Amino acid sequence: MKPQQRHLRGVFEPSYYHTTIKQWPAGERPREKMIEHGSSALTEAELLAILIRTGSKGVTAVDLAKKLLSNQRTLRELARMSVIDFGQFGIGRVRASAIVAAFELCRRMPSSGGLERPIFRAPEDVAHVFLPKLRDLQHEEFWALLLSTSNQVIRETRITSGTLNSSLVHPRECFSEALKEKAASVIFVHNHPSGNPEPSQEDLSITRQLTEAGKILGIPVYDHIVVGGAQFVSFAQRGLL
């Protein structure tokens, strides 16, 4: 019998004893291991393997997960990948979609909160919610947080998704929902995919325009926060409003 050929670290090596996960002892199978001991008992590769579900010819789901995490690749880096990116690792669109969806749910979790709507008293409160949501995106998103008189969030609304410029971020779109919801004030948030949160000249120009529009409409702009990587910049803290 010819040994099965298996791709490993750029070369093909014979694998005489390849087994599927179903053939593993029950205590070593990721899904059964999680049911028995809880998700915290699993490695990152095992957790990814559960999302991947099945392997391909001669390769288990755990093998694919380990390949994703090879070369010191982190979960944060995986969170930035698209369905097409995962395809380059031999993961089909259905399985890749499950992974992308899981990371997106993680990003949304901090802003979902509980039954109580959050109250933003400081830029750090906003960053706590929006850093996980925006820091791993590969495109820019511009959000408006509509606040009540007690600074409680009435609604979070995404204004644009894509390249940020003054033609896309127009006061009409930025304040339309605030007017409908009778918001007392607004906070704007957007991200820099580069990881550098320092405001650009375009950011400064847009913020001045929105601040003036807010004064006319009677809906003051309390802050504009730029997220980049694990850091943020508050226009209010820097006296740029």
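The values are calculated or read from the model by the stated rules, or taken from the named source; none is laboratory data. Just so it is clear, the structure is predicted and the values come from calculations on it, not from any experiment. We place every Cβ from the backbone using ideal geometry, glycine too, and count neighbours over all the protein chains shown.
Every condition in (1) hydrophobic (A, V, I, L, M, F, W, C); (2) surrounded by 14 or more Cβ atoms within 10 Å (Cβ to Cβ); (3) at pLDDT 90 or above; (4) outside any strand (DSSP E or B) holds for Leu179 except the one numbered (2). None of Ile84, Ile99, Ile91 is assigned to a loop (DSSP other than H, G, I, E, B), modelled with pLDDT of 85 or more and in contact with a helix residue (DSSP H, G or I) (Cβ under 9 Å, 6 or more places away or on another chain) except Ile91. Quick check on Arg76: is it surrounded by 17 or more Cβ atoms within 10 Å (Cβ to Cβ), of a type outside the set (A, V, I, L, M, F, W, C), assigned to a helix (DSSP H, G or I) and not assigned by TED's automatic domain parsing to the domain that holds Val221? The answer is no for Arg76.
Scanning region 52-63 for residues that are surrounded by fewer than 19 Cβ atoms within 10 Å (Cβ to Cβ) and not β-branched (Val, Ile, Thr), we see that the one that is nearest to Ile99 (Cα to Cα) is Arg53. Determine if region 161-168 includes at least one residue that is among the β-branched types (Val, Ile, Thr) and surrounded by 13 or more Cβ atoms within 10 Å (Cβ to Cβ). Checked region 161-168: no residue is among the β-branched types (Val, Ile, Thr) and surrounded by 13 or more Cβ atoms within 10 Å (Cβ to Cβ). If I ask for residues that are within 25 Å of the chain's Cα centre (by Cα) and over 15 Å from Arg121 (Cα atoms), which ones from region 214-234 would you list? Scanning region 214-234 gives Val226, Val227, Gly228, Gly229, Ala230, Gln231, Phe232, Val233.
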